[in-house]
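> Quick one: the structure is below, questions incoming.
The values are calculated or read from the model by the stated rules, or taken from the named source; none is laboratory data. The structure displayed is predicted, hence computed values, not measured ones. Methodologically, a virtual Cβ is constructed for each residue, glycine included, from the backbone with ideal geometry; neighbour enumeration extends over all protein chains shown. The accessibility values were calculated without ligands, DNA or RNA, using every heavy atom of the protein model including side chains. Shrake-Rupley method; radii C 1.70, N 1.55, O 1.52, S 1.80 Å.
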Amino acid sequence: MACSKVRKIDRECRVFNEQWTRDYFFVPWKDRAICIICKENVSVFKEYNLRRHHETRHKEYASLKGAARDDKVRRLKGGLAAQQDALLRQSRANLAAVRASYKAANLLAIHGKPFTDGEFGKAMMLAVSEEVCPEKTDTFRGVSLSAQSMTRRIEEMGENVLDQLREKAKDFVFFALAMDESNDVKDTAQLLIFIRGVNARFEVSEELASLNSLKGTTTGENIFAEVCKTMDELGLQWTKFASVTTDGAPCMVGSTRGLVGRLNGEFEERGLAPPIQVHCLIHQQALCCKVLKWVSVMKVVVQCVNYIRKNGLKHRQFQAFLSELGSAYQDVLYYTEIRWLSRGKVLRRFYDLLPEINTFLQSKGETVQELTDPGRKWDLAFLTDVTEVLNHLNLQLQGKGNLISDMYSHIKAFEVKLQLLLRQVQKLDFTHFPATQMYCAEKPAAPFPVAKCKDALEMLQREFSVRFRELHVNNKDIRLFQNPFAADIDDARPSLQFELAELQNCDVLKDAFKPDSLLEFYAALPECTYPNIKQHALRMCTAFGSTYTCEQTFSRMKQIKNPTRNRLSDEHLHQTLRLATTRLHPDIGLLASQKQAHSSH
């Protein structure tokens, strides 16, 4: 059996005798003795070894006696200390240079800049230091900011953040996934998977779980395989999988071969209840907007904008024309159908510049009858107002970290607003339609197409009720999470009913409840009294209401991997996006301490 050997000298526990400094010119250094004359060290605090070294190497010092010997010892000790301080200062400077290199690489990743920009940044830094602080130029020159260094630093920080996420995942009580797929500039299908997990203290973490490059097909089977791989890499358990949010594509929501179908099958095999399935609320809201086609209005708007902007000379003349008039706007906007807010912004800008556009077109010999026809102008004003109301809802649903209960409240509030608008339009009350109200005041005799506008609002109302039908199915669970004091005990699950009865009749907790600090309220609930209510809240607070985070990250991806950086590898793209989206902080101190610090060459 192997055993560790303990040296005899270690068992003796020898200590350094201060008298040896004067007698043999040695000082203690860590677990060794160092000669202050020749700087050699002796590994054992043993007087015989020190005396032998001194008598054989430094016989000339034997003649020094009394004050002369003390003075020599003091000067030699001072020289050794100065040498050690210089080495220590250099070591600290090198370590600071390594930390600075990591911080510079982190900034490159956060802002999506090329790795080669580190060299450009160093050149600027040196140019500034030569003018502002010339004595620090050599220090700045020692910071390694080459493309290779930036690449390695980003890789290491990305792995460090991933390690931190793995540690956090161990404490997750429940977690949810949100995912979406899009092609990059090289037509590689990139699958983004975001995770939102919560621990027993109701501390929510929302991070990029993985970026998976799909080289072949993008079927539900392929996506399911990547989800399983991601869960294995993070050490996630299927029993803690609370919900999944997708963009509603067939490969995602297919009941048999889609991701949702495969997940349901996996949960059934494991004997678990399936996770809550959420179709991105922002995506559904955008689909609802498409029922308001009003092609006749949009066709005229697009044709007028294209006429002004397609020709460089006309475009410049139009901008100069607006500048001469002192207009609040300097240009018209292009319409992009795939952008959520584009139609509302284009229509608002077009309607506000309608007189100027009409005048400019007439000066070019172009007459657009739709711009002067009262009926068409009614349509334009009404469509502008409706799309602005829809855009406002879209903006309310956007954002990272939103609770699904808050987003559901916005949806329900909008459905109530639609009913109100429908009643007001039938009464020719345009209080909430400023453009329509203004046109009505300018042209009081113009006939208003009540039936057409009523049909549009009713169509929108029906579309919302159909699109969000699945969300309304979970209304009771969402409402219970949002405000347990207002929940109907009879409608709650049996495991929650007694706890709800206790909670709703506790005046202390009722007074402490604040809707804007929901998670803090649940975290403070006694576990022994309300275990099931807390479990329900933990499950609900993880659910993603939308894939907004995925969409936002895809925008960053297209900024990072653009036509001029199309050779960026999938791994480097992944690590860059991880650093650009994380709320965690890379442990730069730890990473720098693992490096052999030296100046840049």
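> Residues to consider are Y307, Y334, Y329; find the one that is surrounded by 15 or more Cβ atoms within 10 Å (Cβ to Cβ), modelled with pLDDT of 90 or more and among the aromatic types (F, W, Y).
Residue meeting the stated conditions: Y307.
> Is it the case that some residue within region 164-174 is under 22 Å from Y548 (Cβ atoms), in contact with a Leu (Cβ under 9 Å, 6 or more places away or on another chain), modelled with pLDDT of 95 or more and not in a helix (DSSP H, G or I)?
yes
> Could you please let me know if T431 is polar (S, T, N, Q), surrounded by 15 or more Cβ atoms within 10 Å (Cβ to Cβ) and closer than 25 Å to L354 by Cα?
Taking the combined requirement at face value, the residue does not satisfy it.
> Would region 523-537 turn up any residue that is over 26 Å from the mean Cα position of the chain (by Cα), among the aromatic types (F, W, Y) and more than 30 Å from A178 (Cβ to Cβ)?
For region 523-537, residues over 26 Å from the mean Cα position of the chain (by Cα), among the aromatic types (F, W, Y) and more than 30 Å from A178 (Cβ to Cβ): absent.
> Can you name the residue in region 224-246 that is without any contact (Cβ under 8 Å) to a residue 60 or more places away in the chain and touching a strand residue (DSSP E or B) at 6+ places or on another chain (Cβ under 6 Å) and is also farthest from T542 (Cα to Cα) among such residues?
Out of the qualifying residues, it is E226.
> Only one of L421, L395 is of a type in the set (A, V, I, L, M, F, W, C), in contact (Cβ under 8 Å) with a residue 24 or more places away in the chain and closer than 30 Å to T581 by Cβ. Can you tell me which?
Matching residue, one of L421, L395: L395.
> Can you find a residue that is in a helix (DSSP H, G or I), open to solvent by 30 Å² or more (accessible area, probe 1.4 Å) and free of Cβ contacts under 8 Å to residues at least 40 places away in the same chain anywhere in region 208-216?
Within region 208-216, none of the residues are in a helix (DSSP H, G or I), open to solvent by 30 Å² or more (accessible area, probe 1.4 Å) and free of Cβ contacts under 8 Å to residues at least 40 places away in the same chain.
> With the checklist (1) within 15 Å of D379 (Cβ to Cβ); (2) open to solvent by less than 80 Å² (accessible area, probe 1.4 Å); (3) touching a helix residue (DSSP H, G or I) at 6+ places or on another chain (Cβ under 8 Å) in hand, flag the one item K452 doesn't pass.
Here K452 meets the rest and fails (2).
> Of everything in region 549-563 that's open to solvent by 40 Å² or more (accessible area, probe 1.4 Å) and touching a residue at least 12 places away in the same chain (Cβ under 8 Å), which residue is farthest from the chain's Cα centre (by Cα)?
To start, the set of residues in region 549-563 that are open to solvent by 40 Å² or more (accessible area, probe 1.4 Å) comprises 551-552, 555-556, 558-559, 563.
Cutting the leftovers down to touching a residue at least 12 places away in the same chain (Cβ under 8 Å) gives us 551-552, 556, 558-559, 563.
On the way: E551: 11, Q552: 8, R556: 10, K558: 15, Q559: 15, P563: 24 Å.
Residue satisfying both the conditions and the ranking: P563.
> Given the criteria in a helix (DSSP H, G or I), open to solvent by less than 20 Å² (accessible area, probe 1.4 Å) and of a type outside the set (A, V, I, L, M), does F544 qualify?
So F544 does not fit the description; no.
> Tell me whether region 374-386 contains one or more residues that are open to solvent by less than 70 Å² (accessible area, probe 1.4 Å) and without any contact (Cβ under 8 Å) to a residue 24 or more places away in the chain. Before you say what the answer is, go through the steps one by one.
Step one: list which residues in region 374-386 are open to solvent by less than 70 Å² (accessible area, probe 1.4 Å), which gives 374-375, 377-386.
Filter once more, keeping what is without any contact (Cβ under 8 Å) to a residue 24 or more places away in the chain: none.
The answer is no, given that none of the residues of region 374-386 is open to solvent by less than 70 Å² (accessible area, probe 1.4 Å) and without any contact (Cβ under 8 Å) to a residue 24 or more places away in the chain.
> Mind listing whichever residues of region 250-270 are open to solvent by 70 Å² or more (accessible area, probe 1.4 Å) and either within 28 Å of the chain's Cα centre (by Cα) or among the small types (G, A, S) (or both)?
If we filter region 250-270 for residues that are open to solvent by 70 Å² or more (accessible area, probe 1.4 Å), which is where we start, we get 250, 255-257, 268-270.
Of everything in region 250-270, those that are open to solvent by 70 Å² or more (accessible area, probe 1.4 Å) and either within 28 Å of the chain's Cα centre (by Cα) or among the small types (G, A, S) (or both) turn out to be P250, S255.
> Name every residue in region 568-597 that is closer than 15 Å to G112 by Cα, open to solvent by 40 Å² or more (accessible area, probe 1.4 Å) and not in a helix (DSSP H, G or I), in order of residue number.
S569
> Hey, can you tell me all the residues within region 51-62 that are farther than 19 Å from G79 by Cβ and in contact with a Phe, Trp or Tyr (Cβ under 8 Å, 6 or more places away or on another chain)? Before you say what the answer is, go through the steps one by one.
The first filter runs over region 51-62 and keeps only residues farther than 19 Å from G79 by Cβ, leaving 51-52, 55-56, 59, 62.
The answer is R51, and nothing else.
> Is there any pair with a first residue in region 462-473 that is more than 17 Å from A286 (Cβ to Cβ) and a second that is of a type in the set (K, R) and open to solvent by less than 100 Å² (accessible area, probe 1.4 Å) whose Cβ atoms are under 9 Å apart and which are 6 or more apart or on different chains, and what are they?
H472/K412
> Based on what the data block shows, is Y61 open to solvent by less than 30 Å² (accessible area, probe 1.4 Å) and at pLDDT 75 or above?
In short, no.
Residue by residue, here is whether (1) more than 45 Å from the chain's Cα centre (by Cα); (2) open to solvent by 40 Å² or more (accessible area, probe 1.4 Å); (3) in contact (Cβ under 8 Å) with a residue 12 or more places away in the chain; (4) over 30 Å from A147 (Cβ atoms) holds:
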position	(1), (2), (3), (4)
V27	yes, no, yes, yes
K46	yes, yes, yes, yes
R51	yes, yes, yes, yes
H54	yes, no, yes, yes
R69	yes, no, yes, yes
R75	yes, yes, no, yes
G121	no, no, yes, no
M125	no, yes, yes, no
